[in-house]
1. Specify the residue that is farthest from residue 82 (Cα to Cα); the eligible residues are those in the range 97-136 that are modelled with pLDDT under 95 and among the polar types (S, T, N, Q).
2. Could you please tell me which pairs satisfy a Cβ distance under 6 Å, a separation of 6+ or placement on different chains, a first residue in the range 172-199 that is assigned by TED's automatic domain parsing to the domain that holds residue 149 and within 19 Å of residue 88 (Cβ to Cβ), and a second residue that is hydrophobic (A, V, I, L, M, F, W, C) and part of a loop (DSSP other than H, G, I, E, B)?
3. So which of 152, 103, 116 ends up being assigned to a helix (DSSP H, G or I) and farther than 23 Å from residue 27 by Cα?
4. Take the residues of the range 127-149 that are assigned to a loop (DSSP other than H, G, I, E, B) and without any contact (Cβ under 8 Å) to a residue 12 or more places away in the chain: which is farthest from residue 7 (Cα to Cα)?
5. Across the range 166-186, what is the number of residues that are in contact with a Leu (Cβ under 9 Å, 6 or more places away or on another chain) and assigned to a strand (DSSP E or B)?
6. All but one of (1) in a helix (DSSP H, G or I); (2) closer than 21 Å to residue 3 by Cα hold for residue 108; which doesn't?
7. Could you tell me whether residue 88 is touching a residue at least 12 places away in the same chain (Cβ under 8 Å), farther than 23 Å from residue 180 by Cβ, within 15 Å of the chain's Cα centre (by Cα) and part of a helix (DSSP H, G or I)?
8. If you check every pair at least six apart or on different chains, which have Cβ atoms under 8 Å apart with a residue in the range 19-39 that is crowded, with 22+ Cβ neighbours inside 10 Å and assigned to a loop (DSSP other than H, G, I, E, B) first and a residue that is modelled with pLDDT of 95 or more and aliphatic (A, V, I, L, M) second?
Amino acid sequence: MLDINKYKGIIFDLDGTLVNSMVAHARAWEQTCNRFDIPYDKEWLDQLGGMPSRKVTLEILKRYNLSIDPQLITTDKVANFEAIEYKGDVIPNIYAILKQQHKLKKIGIGTGAQAKHAHGILATTDIPSLIDTIVTSDDVDNHKPNPDTFLKVAEQLDLDPTDCVVFEDTLIGQYAATAAGMDCYMVESGEITAFIPAY
């Protein structure tokens, strides 16, 4: 199923694709929802993976028609996430692709995480030594499902978007890859489950 010979670059999402840190994000959101008496819908929140926390907060407020100060919710969720010491292991099958390919292709990460969180997660792994660049939510104005994150990674890799393939675990991420004109492999529970061509 996996055929990446034709690409010059690979772009990996981080949370839920390379590192199993979505569990920590889910726990942090559950704590915040409980604190503010907001319904906690894990399946729905998982589909917002790839969005920065402040954007997820706005989606929550809109869905439940709430008038809570979004900054309070975002600050609480981020504090909960930062308090979780163990944020997850590398996801073996996808990490193996990174290890196999890092000397053969240009490699980047395009994540919806804040820079400090992304670098904090990566610091517990050897992934930083295997990639050429990382673009976080701090580096773009328009986040996934907009294409800007992946387009900026391609630009920093000095590659045309069509020469890159993306590995993603959420629909929002897949929409961003497609909008960027990039083929995309979907990852679910650590396994590649689908190939979505750009065109």
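The values are calculated or read from the model by the stated rules, or taken from the named source; none is laboratory data. As the structure is a computational prediction, the values presented were derived from the model and not from experiment. In this analysis, Cβ positions are derived from the backbone assuming ideal geometry, glycine residues included, and neighbour counts consider all displayed protein chains.
1. Among residues in the range 97-136 that are modelled with pLDDT under 95 and among the polar types (S, T, N, Q), the one farthest from residue 82 (Cα to Cα) is 125.
2. So the pair list comes out as 190/91.
3. Among 152, 103, 116, only 152 is assigned to a helix (DSSP H, G or I) and farther than 23 Å from residue 27 by Cα.
4. Result: 141.
5. Total meeting the criteria: 3.
6. For residue 108, the failing item is (1).
7. Numbers: touching a residue at least 12 places away in the same chain (Cβ under 8 Å): yes; farther than 23 Å from residue 180 by Cβ: yes; within 15 Å of the chain's Cα centre (by Cα): yes; part of a helix (DSSP H, G or I): no.
No; evaluated as a whole, the condition is false for this residue.
8. 21/14
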